[in-house]
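Undergrad: My questions will all concern the structure given below.
The values are calculated or read from the model by the stated rules, or taken from the named source; none is laboratory data. Given the structure is predicted, the values throughout are model-derived calculations rather than measurements. Cβ placement follows ideal geometry from the backbone for every residue including glycine, while neighbour counts extend to all protein chains displayed. Accessible surface is based on the protein model in full, side chains and every heavy atom, while ligands, DNA and RNA are left aside. Shrake-Rupley method; radii C 1.70, N 1.55, O 1.52, S 1.80 Å.
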Amino acid sequence: MGRPGMQMETWVLFVAFGCMCVGQALADPLYFVPVPAVWESGAQVRFCASLLKVDKNDKHKMTVTLLSPELNTTLLQKESNQDFHTCSTFLAPLVIKDTVQHFQVEVIGKKMYSRETRKVLIRANKPVTFIQTDKPIFLPGQTVYFRVVTMDTKLRPACRKVSDSIDLIEPQ
Ligand SMILES: *[C@@H]1O[C@H](CO)[C@@H](O)[C@H](O)[C@H]1NC(C)=O
């Protein structure tokens, strides 16, 4: 994984709630990029990135990328020779079924190179369909009107094909 002319350090990973990762090599900068392990399709995801103990004479570049087979998206790119703490939000990709993608954090300095990739689960919104009638009780021969509404788990309108016919079952 090392790059020519760059020294690959041994990184110690601690995995705590969700996907919090900490990378550290002796006397090298320390970085944290906690992110939830499970995202909801299309929902806002927030993450913060910290780089600490940076050598003032060595500019470090941090790149946070979401990798998917079709598209790599850069979520954050920051170059600094000072410590920083920055937060950012983005929208999770829209998926139609639960999907695993990879969240990658790369930190490059003159004397260090680190790349970590974590799996994140993107949960598809399973829509729910509500069917209502215009009245609770009907007399024989009356027309029954239906209202059919489909919503996702955040109560936003969603698209879903429902059956073309509805069966009515009499109570008796
Ligand atoms: C995304 O990045 C990975 C690792 O850097 C690379 O192997 C892959 O080809 C890239 N995929 C796309 C679609 O650009």
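Undergrad: Return the total of residues in region 65-113 being in a loop (DSSP other than H, G, I, E, B), open to solvent by 30 Å² or more (accessible area, probe 1.4 Å) and away from the ligand (no atom under 15 Å from the Cβ).
TA: Number of matching residues: 9.
Undergrad: Next question, about the same structure. Hey, among Val105, Val120, Val95, Val100, which residue is without any contact (Cβ under 8 Å) to a residue 40 or more places away in the chain and of a type in the set (Val, Ile, Thr)?
TA: Just a single option satisfies the conditions, and that option is Val100.
Undergrad: What number of residues in region 50-64 are open to solvent by 20 Å² or more (accessible area, probe 1.4 Å) and either within 25 Å of Gln101 (Cα to Cα) or within 16 Å of the ligand (Cβ to nearest atom) (or both)?
TA: Counting residues in region 50-64 that are open to solvent by 20 Å² or more (accessible area, probe 1.4 Å) and either within 25 Å of Gln101 (Cα to Cα) or within 16 Å of the ligand (Cβ to nearest atom) (or both) gives 1.
Undergrad: Give region 114-146 a look and list any residue that's open to solvent by 80 Å² or more (accessible area, probe 1.4 Å) and within 30 Å of Leu91 (Cβ to Cβ), or say none.
TA: Arg115, Lys119, Arg123, Lys126, Phe130
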